[in-house]
Amino acid sequence: MTQPVFTPGDVLGERYTLKKSEWRTPLGPVWLARDSVLDRAVFVQLLEQEIARDAGACKAFLRSAARNAQVTHPGLLQVYDPPPARARRPAGEPPDPR
């Protein structure tokens, strides 16, 4: 199965416009994006397809994000919010039938 291809200009959750892929983590790529609601630059962590299709892994990722959102420090990125499930794929890719 091929990985979804995200490109600059893709919009996630009708809010985050992807600008540039900045780096990769074991979970997937991190993109510089623009939050159109709050008009600010943000980083968006995208999940690799195998991880995104694993309900347990997604729950663990969201639990981790919730814990990390409670931590603030000048040397750490702030966690804002996960996109809704309908936004977790590139434009034009059909939803997972599972």
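What follows is calculated from the coordinates using simple rules that are stated; it is not laboratory data. Predicted model, so just to flag it, every value in this text is computed and none were measured. All Cβ positions, glycine included, derive from the backbone under ideal geometry; neighbour counts span all protein chains shown.
Scanning the stretch 17-41 for residues that are among the hydroxyl-bearing types (Ser, Thr, Tyr) and either out of contact with any strand residue (DSSP E or B) (no Cβ under 9 Å at 6 or more places or on another chain) or outside any loop (DSSP other than H, G, I, E, B) (or both) returns Thr17, Ser21, Thr25. Mind checking which residues of the stretch 4-13 are out of contact with any strand residue (DSSP E or B) (no Cβ under 9 Å at 6 or more places or on another chain) and surrounded by 12 or more Cβ atoms within 10 Å (Cβ to Cβ)? Pro4, Gly13, listed by residue number. Pairs linking a residue in the stretch 40-61 that is over 18 Å from Val11 (Cα atoms) and free of Cβ contacts under 8 Å to residues at least 60 places away in the same chain to a residue that is assigned to a helix (DSSP H, G or I) and among the acidic types (Asp, Glu), with Cβ atoms under 9 Å and 6 or more positions apart or on different chains, are Ala57/Glu50.
Of everything in the stretch 20-44 that's over 19 Å from Ala65 (Cα atoms), in contact with a Phe, Trp or Tyr (Cβ under 8 Å, 6 or more places away or on another chain) and of a type outside the set (D, E, K, R), which residue is surrounded by the fewest Cβ atoms within 10 Å (Cβ to Cβ)?
Looking at residues that are over 19 Å from Ala65 (Cα atoms), in contact with a Phe, Trp or Tyr (Cβ under 8 Å, 6 or more places away or on another chain) and of a type outside the set (D, E, K, R), I get Ser36.
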